[in-house]
1. Hey, can you tell me all the residues within segment 128-149 that are under 17 Å from residue 205 (Cβ atoms) and crowded, with 17+ Cβ neighbours inside 10 Å?
2. Determine, yes or no, whether residue 216 is exposed (fewer than 10 other Cβ atoms within 10 Å of the Cβ), in a helix (DSSP H, G or I) and at pLDDT 70 or above.
3. Test residue 72 against the criterion of being over 30 Å from residue 205 (Cβ atoms), outside the structural domain of residue 149 (by TED's automatic domain parsing) and touching a helix residue (DSSP H, G or I) at 6+ places or on another chain (Cβ under 9 Å), and give yes or no.
4. Could you give me the residue pairs with C-beta distances under 6 Å whose first residue belongs to segment 99-110 and is within 11 Å of residue 80 (Cβ to Cβ), whose second residue is surrounded by fewer than 18 Cβ atoms within 10 Å (Cβ to Cβ) and modelled with pLDDT under 90 wherever it lies, and which are 6+ apart or on separate chains?
5. Does at least one position in segment 119-127 carry a residue that is closer than 22 Å to residue 201 by Cβ, part of a strand (DSSP E or B) and outside the structural domain of residue 89 (by TED's automatic domain parsing)?
6. Which of (1) in a helix (DSSP H, G or I); (2) in contact with a helix residue (DSSP H, G or I) (Cβ under 9 Å, 6 or more places away or on another chain) is the odd one out, the single condition residue 106 does not satisfy?
7. Suppose the filter is touching a residue at least 24 places away in the same chain (Cβ under 8 Å), more than 22 Å from residue 199 (Cβ to Cβ) and outside the structural domain of residue 136 (by TED's automatic domain parsing); does residue 94 pass it?
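The values are calculated or read from the model by the stated rules, or taken from the named source; none is laboratory data. Treat the numbers as computed from the prediction; the structure is a model and nothing was measured. Note that each Cβ is placed from the backbone with ideal geometry, even for glycine, and that neighbours are counted across all protein chains shown.
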């Protein structure tokens, strides 16, 4: 049983590789028609002589050798034919024939292939360790060069993709690695394409699947993001308070110039309370407030020995 700190087991898709032998059944059928049926008729007939058996055996061997050169390439395959070690032709798809013991054929899959790039431990420009999982999509554009120019193009591409990924990520900071994944993918794909274009292989794309970082760094980044969000919230609230204060100041100036506006605002506030048993609203005319203010001013003028201000 794995411990709590153990890394989870990652499951990757396994590519379906290898040539599908579509010509095996065809070779068996041809051998049965040209060697099996005559032998069956011969052995079922009367008076079978030893010389006839030897001749039939020789014919069967010759037919077997001849039909052994029949091959069938699937729609997504191309056959690179070598004759006595020298390149002869690229054949397929469909039925093709090679001379037994002289020709050799190697089938190449020309579909888009997916190649898992093992996890790469890299160190960014700002000395942060990271582990990157990625996948490379490519296809064979020239079957002849893919077979003749390179020993194993899939293994070679995998090795070069690993080195290119480490080189590109090593020149970036952590923030660039996390924020510019699309640009990184394009850059790595261009670097690989520039190197393997002479191999007859074309890179379709490369995708960064996962980026692993140390747990303490993840916690620090989480705190940084939380502080950044709190900072934006405080700034937004302050800007809202500022706008509200400006609007309130403008509304106060408008109400000061028009006494009726203040009365309308008062009525709107009362109407917004709504009918509810818990709300007790006492309404008195606004003239009472005006009269009380005038009395207060008159009393203040009496105490100061100044005539009251005319309203």
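1. Selection gives 132, 133, 134, 136, 138, 140.
2. When the stated conditions are applied, residue 216 passes them.
3. So residue 72 passes the test.
4. Matching pairs, first to second residue: 107/19.
5. Yes, segment 119-127 contains at least one residue that is closer than 22 Å to residue 201 by Cβ, part of a strand (DSSP E or B) and outside the structural domain of residue 89 (by TED's automatic domain parsing).
6. The one condition residue 106 does not meet is (1).
7. Taking the combined requirement at face value, the residue does not satisfy it.
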